[in-house]
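Single-structure report; data block below.
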Amino acid sequence: MKSYFQKLIRGETVFCISLLFALLSMLAVKPDKAYAGYIDLRTLCLLFCLMAVTAGFQKCGIFRIMAEKLLGAQNHMRGLALVLVLLPFFSSMVITNDVALLTFVPFTILVLHIIKQDRYTSPVIVLQTIAANLGSMATPPGNPQNLYLCSRYDLGMGSFFLTMLPYTAISLVLLLFCVCFVRREPIRVYFKESSPLEQPRLLAVFAVLFLMCLLTIFHVLSYQVLTLCVLACMLLFSRDLFRSVDYFLLATFICFFIFSGNLGRIEAVRAFLSGLMEKNGMLTAVLSSQVISNVPAAVLLSSFTENWKALLLGTNLGGLGTPIASLASLISLKFYLKTEQADLKSYLLLFLSLNAGGLLLLLGAACIL
């Protein structure tokens, strides 16, 4: 039992912290009927459906096939690095930043090892991590906090994209600039055998479900109908996908709903956080994200402001910075540390340098825009 809890704390640190915060807040605000109003069921159902649909896409092998097609056409290292970085940048807009990194970081480690370019593993993975965190801010499905904020403030498609697309474009330019420092040395990418497309009919089913997710995000379809359809398809066609859903992420949201709801009922805390958000909501969100990560920061601070734009920008740009600013960054780090040439000190130095530089530039752009 002790080893289980130790493993849980190491593997699901943010959930354990959120649970502790929720329990501590319950000492200040005793459980009552108002607790039911804390939980945003729509956000939880959307998250569940998106995770299930994304797992379905992965099961069909579509992402790996696309990557192999793109990589096979590269004949120099800079072109390869460019594709490896842009894959998580654009795919994270659809499948979330953490799933993009789970898909393409192990693939990158394998490709670089095959062509004997292991020395590029650390910089490419760092750039992939930044790319996933920045690309994911472009769409509501890209980040869990985007889904939550769209639901919390009832944001329309126009409002969201007009706010985030300029920063996505700037991020793309910055990533292209970084890749220019990779040498144009000749390489040959060769795969012994191509990955097959598995269960094309199932892929069609999940494509329809993903379209339904998008319609639900923008309030065209009700989340109840979507959830029933996703559950029915999982039960009928692929029950193993129930194991692919990150239930700890859902539980983390519930804990922070309770925590933020209770804090909102403590007048002194409410006045303090409301004051910070009123003075500079975006900077408050950025700094909060560095400590508790951007998803919990969005849930917590949304109780103390109606300035959705500052909170949306702050929690998305705040995904850059420390390794815990965006939980997806820890996924990349875990994969990198399993490689033979892993050097934690040099990786963190490069990670923090590039993240800090990118964050400062984007904050500067926010002041201008």
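Considering each residue of the range 139-146 in turn, at least one proves to be out of contact with any Lys or Arg (no Cβ under 8 Å at 6 or more places or on another chain) and open to solvent by 20 Å² or more (accessible area, probe 1.4 Å). The set of residues from the range 59-69 being of a type outside the set (V, I, T), within 18 Å of L102 (Cβ to Cβ) and modelled with pLDDT under 80 comprises F63, R64, M66, A67, E68.
For V182, indicate whether it is outside any helix (DSSP H, G or I), aliphatic (A, V, I, L, M) and either under 30 Å from Y120 (Cα atoms) or open to solvent by 70 Å² or more (accessible area, probe 1.4 Å) (or both). Let's see the steps before the verdict.
Details: outside any helix (DSSP H, G or I): yes; aliphatic (A, V, I, L, M): yes; either under 30 Å from Y120 (Cα atoms) or open to solvent by 70 Å² or more (accessible area, probe 1.4 Å) (or both): yes.
It is true that V182 is outside any helix (DSSP H, G or I), aliphatic (A, V, I, L, M) and either under 30 Å from Y120 (Cα atoms) or open to solvent by 70 Å² or more (accessible area, probe 1.4 Å) (or both).
Of the residues that sit in the range 235-274 and are among the hydroxyl-bearing types (S, T, Y) and open to solvent by 60 Å² or more (accessible area, probe 1.4 Å), which one is farthest from E306 (Cα to Cα)? Only one residue fits best here, namely S244.
Just give me the residues in the range 295-350 being in a loop (DSSP other than H, G, I, E, B) and within 20 Å of the chain's Cα centre (by Cα), in sequence order.
Narrowing the range 295-350 to residues in a loop (DSSP other than H, G, I, E, B): 305-307, 318-327, 338-343.
Within the range 295-350, G318, G319, L320, G321, T322, P323, I324, A325, S326, L327 qualify.
Filtering S18, S91, S3 for residues that are within 23 Å of L149 (Cβ to Cβ) and free of Cβ contacts under 8 Å to residues at least 60 places away in the same chain leaves a single hit, S91.
All conditions in (1) within 19 Å of the chain's Cα centre (by Cα); (2) over 20 Å from L147 (Cβ atoms) hold for F237, with the sole exception of (1).
Of the residues making up the range 329-347, at least one is open to solvent by 30 Å² or more (accessible area, probe 1.4 Å) and of a type in the set (F, W, Y).
Every condition in (1) under 20 Å from L313 (Cα atoms); (2) surrounded by 16 or more Cβ atoms within 10 Å (Cβ to Cβ) holds for N280 except the one numbered (2).
Could you pull out the residue among L46, L82, L71 that is open to solvent by 10 Å² or more (accessible area, probe 1.4 Å) and touching a residue at least 60 places away in the same chain (Cβ under 8 Å)? Of L46, L82, L71, the one residue that is open to solvent by 10 Å² or more (accessible area, probe 1.4 Å) and touching a residue at least 60 places away in the same chain (Cβ under 8 Å) is L82.
A single entry from S92, S159, S122, S151 fulfils the requirement of being polar (S, T, N, Q), open to solvent by 30 Å² or more (accessible area, probe 1.4 Å) and in a helix (DSSP H, G or I): S159.
The residues on offer are G61, G135, G56, and the sole one that is under 17 Å from the mean Cα position of the chain (by Cα) and not aliphatic (A, V, I, L, M) is G135.
Select, from L215, L110, the only residue that is at pLDDT below 90, assigned to a helix (DSSP H, G or I), open to solvent by 30 Å² or more (accessible area, probe 1.4 Å) and farther than 28 Å from N307 by Cα. Write out each step before concluding.
Values: L215 fails: farther than 28 Å from N307 by Cα.
The match here is L110.
When the range 303-323 is limited to residues that are crowded, with 23+ Cβ neighbours inside 10 Å and polar (S, T, N, Q), the one that is farthest from L134 (Cα to Cα) turns out to be T315. Does N97 count as exposed (fewer than 14 other Cβ atoms within 10 Å of the Cβ) and within 30 Å of V179 (Cβ to Cβ)? No: the conditions fail for N97. Restricting attention to the range 8-33, which residues are loosely packed, with under 14 Cβ neighbours inside 10 Å, modelled with pLDDT of 85 or more and not acidic (D, E)? Within the range 8-33, L20, L23, L24, L27, A28, K30, P31, K33 qualify. Residues that are small (G, A, S) and open to solvent by less than 10 Å² (accessible area, probe 1.4 Å) within the range 287-302 comprise S289, S293, A297, A298, S302, listed in sequence order.
The values are calculated or read from the model by the stated rules, or taken from the named source; none is laboratory data. The structure displayed is predicted, hence computed values, not measured ones. Here the Cβ is made from the backbone with ideal geometry for all residues, glycine too, and neighbour counts use every protein chain on show. What goes into the accessible areas is simple: the full protein's heavy atoms, side chains included, and nothing from ligands, DNA or RNA. Shrake-Rupley method; radii C 1.70, N 1.55, O 1.52, S 1.80 Å.
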